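The values are calculated or read from the model by the stated rules, or taken from the named source; none is laboratory data. Given the structure is predicted, the values throughout are model-derived calculations rather than measurements. Because the Cβ atoms are built from the backbone with ideal geometry, glycine has one as well, and the counts that use them run over all protein chains shown.
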Amino acid sequence: MNIVIAPDSFKGSLTALQAAEAVERGIKKALKEKREEIKNITESPTLNGGVPESDFIFDVKIVKIPMADGGEGTVEALITALGGNTIVTRALDPLGREIDSFFGILPDGTAIIEMAAASGLNLVKPEERNPLKTTTYGTGQLIKAALDKGCRKIIIGIGGSATNDGGAGMAQALGVRFLDKKGNEIGFGGGELARIEQIDISDLDSRVKKTQFTIASDVKNVLCGPDGASAVYGPQKGATPEMVKILDRNVGHLAEVIKRDLGKDISQIPGSGAAGGLGAALMAFLNADMKPGIDIIMDLADFPEKVKSADLVITGEGSTDFQTMFGKVPFGVAQVAKKYGKPVICISGSLGKGYEKLYDAGITALFSIINRPMTLEEAMERGGELLEQISQNVFRIYFREVEK
C-alpha cells in the first residue's frame, strides 16, 4: 500500500514537513496496532513460513511531500522534495530592522524565495502593523543575494505579506529610484507612494534582464479598487478604513507613474494586487510571470507521478473552509488525485464555513484535529500531538476497511 502525505503548513503551529511527520507517526501507530492484532489471530491463513496472509495488506510505503502555495514553507517544501541548500543572509524586515533571513537554492541552481522571510506579517507584532510604513525592501535584498549566488532562475512566493507598498521597496533594493518633486528618493512604506513624481530605472541591477522570474501566488486580486490589494488585504495588515483609502489612492498613483515612465499598465492585471502590490512591481520591473504557487510546487516535485502510484493521498492545512477552493494546497492536491481516481483525506486544524464544497473538488473525507473544546492557542501549541492522534484514529478505521 502506497500512501502520499502532502500537507500545507499549519501556520503558527507546524511547518508542512512537521505536519507530514505527525501524520506519518499516527499512521505507523495504527499500523503497529493492526499488526499486533493480526499476530493474535491464530487461525489466520498463512503464507511463507507462518506469516499471516493479511499482514501483506499492511506492507505500507509512505511518501512525504510537504506542500506550499507560495507563502511560508515554500522553501522548505521544495528543498525537502528536491534537495538543495538553504542560504542564510541578512535583510531588512518590514519595518526596516536588520534580521537573519533566508532563501533556497535547488540542485539545478534555481533560487526559491519567500517574501514572508523578510517582509512577512509574522515578523511584525500586532501593535506594530502599519502598511503605511512597512516595506518590501528586504524581499529585494533576498533577490539580490540570489543574483549574487549566480542564480538566473528565481521563483518568488509572495504569500503572507505585511506590506502595501506596491513593491516599491523591493525595487529600491535592486536599484530603482522613486523620486519626489525635488529629485529626492522617497522613504519606505505605502504612505510614501503619493510623493513619487518620477521613476528612474537606470541603476536597476543589470542581472535582472538575464534572469527568469516567476511569481508563486494564488491571489487573483488586481492592484486597485474595491477588489484591490488595499481594500481586501489592508485591514489584516493593520490598516484602518482611512488608511485603506490612502493606500488605494497611493498604489493607484504608483501604477500611473509606472505606466507613464515604463510604458507598462499593470493596475488591472489579475494578481497585481498580491502581497500589497508586490505582484505588480515584480511584473513591472522584473518582467516576472505569475503562476499558482501550488502548481509550481507540484510540477517541481513531480507530484502527479507520485499520486499515480498511490493508493491514498493525505493532505491538510491550518484552517479549511470555502476559501480553500481558491488555489490552496488541499484543493490543488485533490484536483491531481481526482484526475487519477485516488481517494483523498484532508486533516486540518479546523473546518470552517463552506468546507463541504471540497467534496465536489475530489476530497473523500475531511477531519479536524480538535478533539474537545479548546482555545486556538492550545490547539496551535498541541498541533503535532493532535494531528498525530487524529491520524492514528482515522487509520484504525482505514486499515480495518482495507482488510475487508
Within segment 71-84, is there a residue that is surrounded by fewer than 19 Cβ atoms within 10 Å (Cβ to Cβ), at pLDDT 95 or above and within 29 Å of Ser391 (Cβ to Cβ)?
no
For segment 61-81 the number of residues that are among the small types (Gly, Ala, Ser) and either part of a strand (DSSP E or B) or on the phi > 0 side of the Ramachandran plot (or both) is 2
Name the residue that is surrounded by the fewest Cβ atoms within 10 Å (Cβ to Cβ), counting only residues in segment 140-151 that are within 16 Å of Leu204 (Cβ to Cβ) and charged (D, E, K, R).
Asp148
Single unsatisfied condition, Ser54 versus (1) of a type in the set (Gly, Ala, Ser); (2) at pLDDT 95 or above; (3) under 25 Å from Ser391 (Cα atoms):
(2)
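This table checks each residue for (1) over 28 Å from Ala68 (Cα atoms); (2) hydroxyl-bearing (Ser, Thr, Tyr); (3) in contact (Cβ under 8 Å) with a residue 40 or more places away in the chain.
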site: Thr136; (1), (2), (3): no, yes, yes
site: Gly140; (1), (2), (3): no, no, no
site: Ala146; (1), (2), (3): no, no, yes
site: Cys151; (1), (2), (3): no, no, yes
site: Ser161; (1), (2), (3): no, yes, yes
site: Ile199; (1), (2), (3): yes, no, yes
site: Asn221; (1), (2), (3): no, no, yes
site: Tyr233; (1), (2), (3): no, yes, yes
site: Ala239; (1), (2), (3): no, no, yes
Looking for something within 25 Å of Tyr355 (Cα to Cα), under 19 Å from the mean Cα position of the chain (by Cα) and in a helix (DSSP H, G or I) - is there at least one such residue anywhere in segment 254-274?
yes
Among what's in segment 360-400 and is within 17 Å of Glu36 (Cα to Cα) and loosely packed, with under 13 Cβ neighbours inside 10 Å, pick the residue that is modelled with the lowest pLDDT.
Arg400
Based on what the data block shows, is Pro292 more than 21 Å from Ser161 (Cα to Cα) and surrounded by fewer than 24 Cβ atoms within 10 Å (Cβ to Cβ)?
no
Would segment 113-127 turn up any residue that is among the aliphatic types (A, V, I, L, M), over 21 Å from Gly12 (Cα atoms) and at pLDDT 95 or above?
no
Would segment 258-265 turn up any residue that is in contact with a Lys or Arg (Cβ under 6 Å, 6 or more places away or on another chain), more than 16 Å from Ala171 (Cα to Cα) and buried (at least 20 other Cβ atoms within 10 Å of the Cβ)?
no
Just to be sure, is Lys39 in contact with a helix residue (DSSP H, G or I) (Cβ under 7 Å, 6 or more places away or on another chain), among the basic types (Lys, Arg) and modelled with pLDDT under 95?
no
Hey, does segment 334-342 have a residue that's more than 16 Å from Val4 (Cβ to Cβ) and crowded, with 19+ Cβ neighbours inside 10 Å?
no
Tally time: how many residues in segment 238-247 are assigned to a helix (DSSP H, G or I) and under 22 Å from Gly120 (Cβ atoms)?
3
